[in-house]
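The values are calculated or read from the model by the stated rules, or taken from the named source; none is laboratory data. Source: prediction; values computed, not measured. Quick reminder, even Gly has a Cβ in these numbers, built from the backbone with ideal geometry, and neighbours come from all protein chains shown. Quick note on the areas: whole protein, heavy atoms, side chains included, nothing else; ligands and nucleic acids left out. Shrake-Rupley method; radii C 1.70, N 1.55, O 1.52, S 1.80 Å.
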Amino acid sequence: MFAREGYGLWAMSRIGAAPLLGFCGFILEANEPRLIYGLAEDAAGGGLAREAAQAVTGHAAARGLRPVRASVDGENTASRALLHALGFQIVSAEPGRLGEVFLYELKP
């Protein structure tokens, strides 16, 4: 996907450490790139998701990738708070498999 689109997923780990802490990047969803990220349970709460999301949204901006969107389950309050803190706004909501799913868009 990197070669074709200029984006994809990055793995997150500490410098010089073997365990994978998580991932962050873009996947193709509904024919458009969507921000996704995930952390290992023991890596949560330290600001890593915020740092990674800021880095990949900066990468998207540098490549002219607009709009930057993300989908989040309504019950995922941590991810919803992170997206709000990064400047994302809810643009729609729809039913999902686990409940309501919110579509966010990063506003310049």
(request) Identify all residues within segment 12-27 that are modelled with pLDDT of 85 or more and either under 24 Å from LEU103 (Cα atoms) or not aliphatic (A, V, I, L, M) (or both); write none if there are none. (result) GLY22, PHE23, CYS24, GLY25, PHE26, ILE27
(message) If I ask for residues that are surrounded by fewer than 12 Cβ atoms within 10 Å (Cβ to Cβ) and among the aromatic types (Phe, Trp, Tyr), which ones from segment 80-108 would you list?
(response) none
(message) Return the residues of segment 4-54 that are closer than 15 Å to SER71 by Cα and touching a Gly at 6+ places or on another chain (Cβ under 6 Å); say none if nothing qualifies.
(response) GLY25, GLY38
(request) Return yes or no: is GLN54 within 24 Å of MET12 (Cβ to Cβ), in contact (Cβ under 8 Å) with a residue 12 or more places away in the chain and of a type in the set (S, T, N, Q)? (result) yes
(request) Please find, within segment 19-59, the residue that is most open to solvent (accessible area, probe 1.4 Å) out of those that are part of a helix (DSSP H, G or I) and in contact with a strand residue (DSSP E or B) (Cβ under 7 Å, 6 or more places away or on another chain). (result) LEU48
(request) Go through segment 65-79 and give me each residue that's open to solvent by less than 60 Å² (accessible area, probe 1.4 Å) and either within 18 Å of LYS107 (Cβ to Cβ) or without any contact (Cβ under 8 Å) to a residue 12 or more places away in the chain (or both). (result) LEU65, PRO67, VAL68, ARG69, ALA70, SER71, VAL72, SER79
(request) Give the residues of segment 92-108 that are assigned to a strand (DSSP E or B) and over 16 Å from the mean Cα position of the chain (by Cα), sorted by residue number. (result) SER92, ALA93, GLU94, PRO95, GLY96, GLY99, GLU100
